1. Consider residue 94 carefully, then state whether it is in the same structural domain as residue 286 (by TED's automatic domain parsing) and either under 30 Å from residue 245 (Cα atoms) or assigned to a helix (DSSP H, G or I) (or both).
2. Among (1) in a strand (DSSP E or B); (2) under 23 Å from residue 97 (Cα atoms); (3) of a type in the set (A, V, I, L, M, F, W, C); (4) in contact with a helix residue (DSSP H, G or I) (Cβ under 9 Å, 6 or more places away or on another chain), there is one condition residue 249 misses while meeting the rest; what is its number?
3. State whether one or more residues within the range 218-231 are farther than 23 Å from residue 160 by Cα and surrounded by 20 or more Cβ atoms within 10 Å (Cβ to Cβ).
4. Specify which of the listed residues (136, 95, 166) is in contact (Cβ under 8 Å) with a residue 40 or more places away in the chain and closer than 19 Å to residue 268 by Cβ.
5. Which condition number does residue 100 fail, the rest of (1) in contact (Cβ under 8 Å) with a residue 60 or more places away in the chain; (2) surrounded by fewer than 23 Cβ atoms within 10 Å (Cβ to Cβ) being met?
6. Hey, does the range 30-52 have a residue that's in contact with a helix residue (DSSP H, G or I) (Cβ under 8 Å, 6 or more places away or on another chain), at positive phi and modelled with pLDDT under 90?
7. Hey, can you tell me all the residues within the range 172-215 that are among the hydrophobic types (A, V, I, L, M, F, W, C) and crowded, with 17+ Cβ neighbours inside 10 Å?
8. Considering each of 207, 239, 182, 259 in turn, give the residue that is more than 24 Å from residue 103 (Cα to Cα) and polar (S, T, N, Q).
Amino acid sequence: MADRRLQVFHAVARHLSFTKAAEALFMTQPAVTFQIKQLEDQYNTRLFERGHGQICLTPAGEMVLQYAEKILALSDELDARLGEMTGEMRGPLLVGASTTIAEFILPRVLGEFNALYPQVRVRLIVANSESIENRVSEHSLDIGLIEGPARQPELQTEVCCTDELVAICAPGYPLLSETSATGVSPEVLRDYEFISREPGSGTREVTDNHFQAAGIPPQELKTLMELGSPEALKGVVATGLGYAIVSRLVCEKECLLGTLVSIPLQPPLTRMLSMVYPRDRFRTRLVTTFVDFTKQKMRESGL
């Protein structure tokens, strides 16, 4: 119900980028520029200073941002309250998820949720945990599912379940000859070629912490490459180039087929999978229902 121009302005002000705002709003950049120009014409003042490839808010823009945040929050609350009065669960739900969660946990959850609430239109955004957390903080996502707790204090974290990480390698890879019955230690892994996730990934963060806890700085690992998805990671590891550390959910099928071997880590490495959402934003019945439903389904899956 809120003025679309205010929604566009809010996105540009938060990103300080027309390009990033367009991506977050699923619009073209010219359309975003047009909406901002209309708003500036309405108030007869410039809201952004542009120059040297960067933009910043003018004093008028700072004031408009303060009011835009209040207006948009009230508009969302009004839409939600009216929907609840009709007894219908309907409308858009913007969900963000880290790559591992999006590829190996959410598909079934979203399918079952849609079957129960066919009037809800879920839109899923997939990125690494850091990016998802930032988008939730900017209010361009209603809720995010990430690997670990939120770092930003304005976000509320709800832990859903635990996830175990394991080392994987190709059958016959030399690392297997040094693996004991209890698993493989960081000291042993240090001597083998490592295929790593990219910076910003939740898996990368807990993996770095695992080695640091053993007194091994991550930069001392034999890192051959950094890859942006679990599927790419498994593809490279299957060639025999090195080992990787992934969620056990990621490699179940390949281990059953015999194309990869899973090795427990010693000491064991687990992490929390969490949902995050803005702490100061009205939480609609739709968001609450999705949170409760997803937590239940993740626990039922044995995580």
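1. Working: in the same structural domain as residue 286 (by TED's automatic domain parsing): yes; either under 30 Å from residue 245 (Cα atoms) or assigned to a helix (DSSP H, G or I) (or both): yes.
So residue 94 passes the test.
2. So residue 249 meets the others, but not (1).
3. Keep residues of the range 218-231 that are farther than 23 Å from residue 160 by Cα, which gives 218-228, 231.
Next, only the ones that are surrounded by 20 or more Cβ atoms within 10 Å (Cβ to Cβ) stay: none.
No, because not a single residue in the range 218-231 is farther than 23 Å from residue 160 by Cα and surrounded by 20 or more Cβ atoms within 10 Å (Cβ to Cβ).
4. On the way: 136 fails: closer than 19 Å to residue 268 by Cβ; 95 fails: closer than 19 Å to residue 268 by Cβ.
After applying the criteria, what remains is 166.
5. (2)
6. no
7. We begin by selecting, within the range 172-215, every residue among the hydrophobic types (A, V, I, L, M, F, W, C); these are 175-176, 181, 184, 188-189, 194-195, 206, 211, 213-214.
Across the range 172-215, the qualifying residues are 175, 184, 189, 194, 195, 206, 211.
8. On the way: 207 fails: more than 24 Å from residue 103 (Cα to Cα); 239 fails: more than 24 Å from residue 103 (Cα to Cα); 259 fails: more than 24 Å from residue 103 (Cα to Cα).
Only one candidate passes the filter, namely 182.
The values are calculated or read from the model by the stated rules, or taken from the named source; none is laboratory data. In this text the structure is predicted, and so the values were computed from the model without any measurement. Neighbour counts are summed over all protein chains in view; Cβ atoms, including those assigned to glycine, are modelled from backbone coordinates with ideal geometry.
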